[in-house]
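Visitor: Right, I'll just put the structure down here and ask away after.
Any read-out appearing in this document is the output of simple, stated calculations on the displayed coordinates, not a laboratory observation. Since the model is a prediction, treat every value here as computed from it, not as a measurement. Note that we place each Cβ from the backbone using ideal geometry, even for glycine, and neighbour counts take in every protein chain shown.
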Amino acid sequence: MEIDRVDGRTPNQLRPLACSRNILHRPHGSASWSQGDTKVLAAVYGPKAGTKKNENAEKACFEVIWKPKTGQIGKVEKECEMILKRTIQSICVLTVNPNTTTSVIIQVVHDDGSLLPCAINAACAALVDAGIPMKHLAVAICCCLADNGYVVLDPNKLEEKKMSAFAYLVFPNTTLSVLPEGSSVAEGEPVEHGIITSVTHGVMSVDDYFLCVENGHAATASLSAFFRKNFQQSQRDSSKAG
Amino acid sequence: MGLPDSSQDLSTEMEVDAFRRIFPLRFFERHLSESLRPDARPLGKARDTIVNPGLVSTADGSALAKIGSTTMLAAIRMEVMTPSTDSPDEGCIALEFHMPPICSPTVRPGRPADAAPVISKRLSDTILSSGMIDLKELCLVSGKAAWMGYLDIYCLNADGALFDAALLSAVAAFSNLEIPVVALNDNGRIVAISGGKDEDNASIIEKKAVNKEKRKLTLKNIPFSLTCILHKKYILADPTTEEESIMDTLVTVVLDSSDQMVSLYKSGGTVLAYSSAVKSCVELARKRAKELKQILGEMDID
């Protein structure tokens with residue numbers, strides 16, 4: 001039985017994506033990322049000299065500031081900051097600029113479901129714009145589990161509330177290699193199938209979780225292609241202008 | 001990698017404690033290659049767990065949980081409040097996780113620890129989404145009065161796996177909880193009844209008691225959690241603070257008593273989790289859930 005979604009999408013279809021970089025001129029890197037109506041603005045300042053007190057001085061340090069659209073900063077925002085900080089730490093090369101702090105500021109412009117994945121994607125785009133050295137991108141997707149066992153990708157706010165469980169999954173981006181055998185494999189699975197971050201809400205069976213992960217893999221392929229096209233486009237534009 | 005030769009030379013001359021401080025990762029990897037950890041635990045085994053219920057006499061429910069050295073004290077206080085108009089038949093639980101300076105040398109007074117609000121939110125999400133507590137049981141008079149439970153969890157000693165110990169202490173406190181006796185007085189307000197010896201009290205109890213005796217909540221789908229570290233091809237269950245500081249990839253799996261997954265939390269980390277690693281973590285969590293179920297069962301009988 002197929003799911004009927006309010007906006008007429010198929011279960012595996014993502015909302016229209018839009019990304020623009022270098023939109024703010026004060027931060028060293030900035031990006032705006034929107035998936036449907038959910039829009040997040042990310043700005044990167046750094047690297048700045050010195051690390052925070054308890055942090056390792058032999059590595060680069062990241063701090064994340066999350067600003068909600070309305071209201072005061074509470075536990076929800078602190079948790080999002082922590083998840084984003086640890087995700088960024090795992091994708092960036094920390095040994096290139098030791099004893100420095102890079103600040104990532106996230107401003108929520110509108111929340112229409114799937115907010116944390118949108119913020120992670122925006123932060124990645126902003127880090128690329130700032131030129132922070134990274135191993136690979138972090139591509140984030142939200143997978144929901146409907147009552148009849150179907151997995152629905154990229155829900156909006158109403159769908160998120162209705163669903164029994166959902167998972168935010170972050171994977172490395174898919175690599176494009178000249179030879180298909182050239183793509184790296186670890187433990188029998190391609191590298192892009194490894195989970196960087198996973199946060200689940202609601203109760204689901206273990207098999208349903210793996211189903212969500214599989215659907216997440218398919219989505220990361222299309223998101224990675226979008227990232228690649230977007231970065232190449234802006235590079236082409238800037239080389240024409242210069 | 002540094003200078004492997006020099007560390008080999010130094011290791012023959014250096015004391016074990018010094019080697020542990022100066023080359024921590026190498027110290028641990030020497031143990032992992034023998035499938036052991038420095039405290040002689042096998043890789044998949046959690047530390048000794050103790051649960052002591054009913055320690056705080058002024059609270060309506062309390063429990064102390066110790067996993068190895070990590071100690072958590074949970075206490076619940078019940079208060080009557082008016083339920084919201086969206087859910088007039090439901091009570092409410094407010095959970096707060098505190099990390100006072102006693103728990104760790106890195107926590108200073110006046111500066112709340114970074115981990116505290118995150119663990120607090122994760123705990124309340126886990127407890128509410130697992131469906132352990134039926135909020136309708138906390139209702140007194142529909143639309144007018146319901147119970148609000150203030151659950152405070154204090155970390156007394158932070159030695160790794162904070163979320164696991166905190167969840168265990170919260171679950172134990174809820175199973176120890178006895179809801180106090182109240183009655184509706186003439187003004188239509190709920191008052192607490194201290195004992196049944198007074199004649200006035202006895203008449204109130206007979207006529208308008210909303211609940212006649214201290215009752216316990218029915219807990220279904222109790223969540224049990226296990227945190228594991230992923231490092232290269234090793235999976236270490238129930239890490240200590242030292243292990244967490246050296247190897248930064250943590251995966252927390254929360255399973256409930258009907259083997260459903262309540263939460264799988266992995267927040268960044270240098271190691272990517274492939275499905276084989278996730279499956280192994282879930283298996284370890286299943287074994288741990290059985291152990292914890294037995295420990296909680298023994299606690300209830302006492």
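Visitor: Could you list A:77, B:283, A:58 so that the one with the fewest beta carbons within 10 Å of its beta carbon is first and the one with the most is last?
Guide: Least to most surrounded, the residues fall as A:58, B:283, A:77.
Visitor: Students often forget the sequence filter, so: which lysines lie under 24 Å Cα-Cα from residue B:216 once same-chain residues fewer than 8 apart are removed?
Guide: B:66, B:136, B:144, B:197, B:207, B:208, B:290, B:293
Visitor: I want to verify a result. In a Gaussian network model of chain B, Cα cutoff 10 Å, which of these has the top mean-square fluctuation: B:256, B:152, B:248?
Guide: Result: B:248 has the largest fluctuation of those listed.
Visitor: If I model a spin label as a point 7 Å beyond the Cα along the Cα-Cβ vector, how far apart are those points for residue A:48 and residue B:298 in nm?
Guide: So the two model labels end up 5.3 nm from each other.
Visitor: Once you list every other residue whose beta carbon is under 12 Å from the beta carbon of residue B:159, what net charge do they have if Lys and Arg are +1 and Asp and Glu are -1?
Guide: Values: positive: B:47, B:66; negative: B:39, B:164, B:238, B:242, B:243, B:244.
Spelling it out: positives minus negatives among the neighbours equals -4.
Visitor: For residue B:35 and residue B:259, FRET efficiency with R0 = 25 Å and r from the beta-carbon atoms, rounded to 0.05? Don't skip to the end; give the middle numbers.
Guide: Working: r = 27 Å, r/R0 = 1.09.
Efficiency at R0 = 25 Å is approximately 0.40.
Visitor: Taking neighbour counts of Cβ atoms within 10 Å as a proxy for exposure, in what order, fewest first, do B:79, B:242 appear?
Guide: Listed from fewest to most nearby Cβ atoms, that is B:79, B:242.
Visitor: Shifting gears a bit: Name the cysteines of chain A that stand alone by the Cβ rule: no other cysteine Cβ under 4.7 angstrom.
Guide: By the Cβ distance rule, which asks for a partner under 4.7 Å, the isolated cysteines are A:19, A:61, A:80, A:92, A:118, A:124, A:142, A:144.
Visitor: Still on this model: For segment A:1-120, give the share of DSSP beta bridges that are antiparallel, in percent and rounded to the nearest 5; count only bridges with both residues there.
Guide: 75
Visitor: If each of residue B:141 and residue B:55 carries a label point 7 Å out from its Cα toward its Cβ, how far apart are those two points in nm?
Guide: The two pseudo-label positions are separated by 3.8 nm.
Visitor: Tell me the mean residue ellipticity at 222 nm calculated for chain A from its helices only (DSSP H runs of n ≥ 4, each -39500 (n - 2.57), averaged over every residue, nearest 500).
Guide: -10500 deg cm²/dmol
Visitor: Between B:66, B:216, B:279, find the one with the highest GNM mean-square fluctuation for chain B; connect C-alpha pairs within less than 10 Å.
Guide: Taking springs between Cα atoms under 10 Å, the residue moving most is B:279.
Visitor: May I pose another question? Given A:153, B:219, B:127, which one lies farthest toward the positive end of the charge dipole of the protein assembly as shown, if we put +1 on the Cβ of every Lys and Arg and -1 on the Cβ of every Asp and Glu?
Guide: My answer, from the dipole projection, is A:153.
Visitor: Turning to a different aspect of this structure: Once the principal axes of the Cα atoms of chain B are found, what is the range along each, listed largest first in whole angstroms?
Guide: Reported extents, whole Å, longest axis first: 85, 38, 36.
Visitor: What base-10 log of the normalised intensity I(q)/I(0) is obtained for the protein assembly as shown from the Debye formula, alpha carbons as equal point scatterers, at q = 0.06, 0.09, 0.13 Å⁻¹?
Guide: -0.34, -0.74, -1.41
Visitor: Quick one: order B:103, A:118, B:92 by neighbouring beta-carbon count within 10 Å, fewest to most.
Guide: Starting with the residue having the fewest Cβ neighbours, the order is B:92, B:103, A:118.
Visitor: Using a simple spin-label model with points 7 Å from Cα along the Cα→Cβ vector, what separation in nm is obtained for residue B:102 and residue B:245?
Guide: Once both label points are built, they end up 2.2 nm from each other.
Visitor: A follow-up question, please. For chain B, modelled as a GNM with alpha-carbon contacts under 10 angstrom, which of B:71, B:106, B:241 fluctuates the most?
Guide: B:106
Visitor: A follow-up question, please. For chain A, compute Rh as the Kirkwood radius over C-alpha pairs and then the Stokes-Einstein diffusion coefficient at 25 °C and 0.890 mPa s; write the answer in µm²/s, rounded to an integer.
Guide: 131
Visitor: Then there is this: Could you list, in their original order, any pairs among B:232/B:279; A:59/A:85; A:39/A:69; B:121/B:266; A:39/A:135; A:78/B:266 whose Cα atoms are separated by more than 18 Å? It would help to have the intermediate numbers written out before the result.
Guide: Values: B:232/B:279 16 Å; A:59/A:85 14 Å; A:39/A:69 10 Å; B:121/B:266 15 Å; A:39/A:135 26 Å; A:78/B:266 16 Å.
Cα-Cα > 18 Å for A:39/A:135; rest within.
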